[in-house]
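Colleague: My questions all concern the structure below.
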Amino acid sequence: MAQRTKILLLLSHLGGGGAEHVMALLARGLSQEKYEVHLGLVGQADKRGESLPPWVSIHALGAGRARAAAFPLLRLIWRLRPEVVLSGAVEVSFLVLMLRPLFPPKIAVLVRQNATVSSVLAFGQLPRFTRLLFRLLYRHSDRVICQSQAMAKDLAQVAGISEDQIAVLPNPVDLDGIRAAMKAPVARIGSGPQLPGAKLLAIGRLSREKGFDLLLEAMLAVRERFPEVNLILAGAGREQEALKSLCGELKLETAVQFAGYVDRPYALFSEATLFVLPSRHEGMPNVLLEAAAAGLPLVATPASGGVVDLLRGRPGAWLAAEITAQALAEAIVQALEAIRPGERFRHEFFHSSPPAMERAIEGGKHEVI
């Protein structure tokens, strides 16, 4: 067997988010013949997280936060001496790029950007000095991987790097898993009777940027036109109690089912009439690509240039005019008026595959060598 390229994938943790899911898909999909795959986790290994094949070595650094992982990460890199380091989270990418001068020579450093930087900064999720960190650190990567051209242009402007340094690769999608789920018996949520009428499905972390409060408010207007419409909301997060309280204030308790965290969200796709992405801002959400791969009708807010480019003008996809509850309700009503029960669409979207990611990895490695 030819000598394999040793690659170290880095994350904060496994389980519970789109970035973690993408990196787990990548770890499973990279060629075992070509790569010796290691996965470094800043925190402890999450037993609830993604299943990985036995040839992927997991290294839990046991740090509570990325900045506390500096010495454990350096020890791991000097012990493994990988040829490629690929980081999948912003806070970990910052740490890797700050530590890079202390790495052994000839290590290619790639970072995956999983959000539209200007939107995240404008939304106030990150400290004000974060913009400066992007400008100071990202230029020291060998390649930055973005999920859309719009995200790449935004990053190039904010970080002050050349677009030539950026590789645009849509997130990988587990097509086999989605197809199997679509053929499986319909997943039921809860133990009570299933609600009649069209079922809207929304999935994601229960946090403000995901816009689930907008979706709950939109449900009032939607139910004026379609009284039996109900919503399955799958996910967990810090806004869960606030959303349940809002649901009560809007008197939607019998129309909304909180499914909690779902390890394989596409198990819910068969039951759904329509998938809804109500986010205030996004990069290129993996769950939207998964819903598209399943053929679900799609409704989304214009949460990023990448989402707009992906959905605009596509059959079976409706974009809200703006990021408001009213505009979202109008788009949902338009979709429900147009589609037939159980209708599915062949969304001609292109998903990156492990071979596509391998080409980006090889390109970054060759730049160093």
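FYI, it's all coordinate maths here, none of it is from the lab. This structure is a prediction, so every number in the text was calculated from the model and none was measured. Note: ideal-geometry Cβ built from the backbone for every residue, glycine included; neighbour counts use all protein chains shown.
Colleague: Taking 8 Å as the Cα distance limit and 6 or more residues as the minimum spacing, I'd like the relative contact order of the chain as a percentage.
Modeller: Computed value for the chain: 16 percent relative contact order.
Colleague: What list of ³J(HN,Hα) couplings, whole Hz, do you get for segment 97-102 from phi and the Karplus terms 6.51, -1.76, 1.60, once you set θ to phi - 60° and write x for glycine and proline?
Modeller: Couplings: 6, 5, 7, 3, x, 9 Hz.
Colleague: Here's something else I'd like to know. Using the Cα centre of segment 272-355 as the reference point, and only Cβ charges (+1 on K/R, -1 on D/E), how large is the resulting charge dipole? Debye, rounded to the nearest 20.
Modeller: Dipole size: approximately 140 debye.
Colleague: Residue 57 to residue 208: extension gain in nm, 0.36 nm per residue of separation minus the Cα-Cα distance?
Modeller: Fully extending the segment from residue 57 to residue 208 adds 50.9 nm.
Colleague: Can you work out ³J(HN,Hα) from phi for every residue in segment 290-305, in order, using Karplus 6.51 cos²θ - 1.76 cosθ + 1.60 and θ = phi - 60°, giving whole Hz and x for Gly and Pro?
Modeller: Taking θ as phi minus 60°, the curve returns 5, 5, 5, 5, 7, x, 5, x, 10, 10, 8, 7, x, 6, 6, x Hz for segment 290-305.
Colleague: While we're on this one: How large is the charge dipole for the chain, taken about the Cα centre, if only the Cβ atoms of Lys, Arg (+1) and Asp, Glu (-1) carry charge, to the nearest 20 debye?
Modeller: The dipole magnitude comes to about 980 debye.
Colleague: Using Cα centres only, tell me the gap between segment 207-225 and segment 143-177 in whole Å.
Modeller: If we compute the Cα centre of each part, the gap is 30 Å.
Colleague: Place a +1 charge on the Cβ of each Lys and Arg in segment 100-188 and a -1 charge on the Cβ of each Asp and Glu, then give the dipole magnitude about the Cα centre in debye, rounded to the nearest 20.
Modeller: Value, rounded to 20: 220 debye.
Colleague: Once label points are set 7 Å from the Cα along Cα→Cβ at both residue 70 and residue 4, what is their separation, rounded to one decimal in nm?
Modeller: 3.3 nm
Colleague: How would you order 274-280, 304-310 from highest to lowest mean count of nearby Cβ atoms within 10 Å?
Modeller: Descending packing order for the listed peptides: 274-280, 304-310.
Colleague: Pairing the Cα long axis of helix 325-338 with the longest principal axis of the chain, what angle in degrees results, from 0 to 90 and rounded to the nearest 10?
Modeller: Long axis of 325-338 versus the principal axis of the chain: about 70 degrees.
Colleague: Amide H of residue 317 versus every other amide H placed in the peptide plane: which residues, excluding those fewer than 5 positions away on the same chain, fall under 5 Å?
Modeller: Close amide H contacts, sequence-distant or interchain: 298.
Colleague: Rounded to the nearest 10 degrees, what's the angle between the helix 212-225 long axis and the longest principal axis of the chain, both from Cα atoms, 0 to 90?
Modeller: Orientation of helix 212-225: about 30 degrees from the principal axis.
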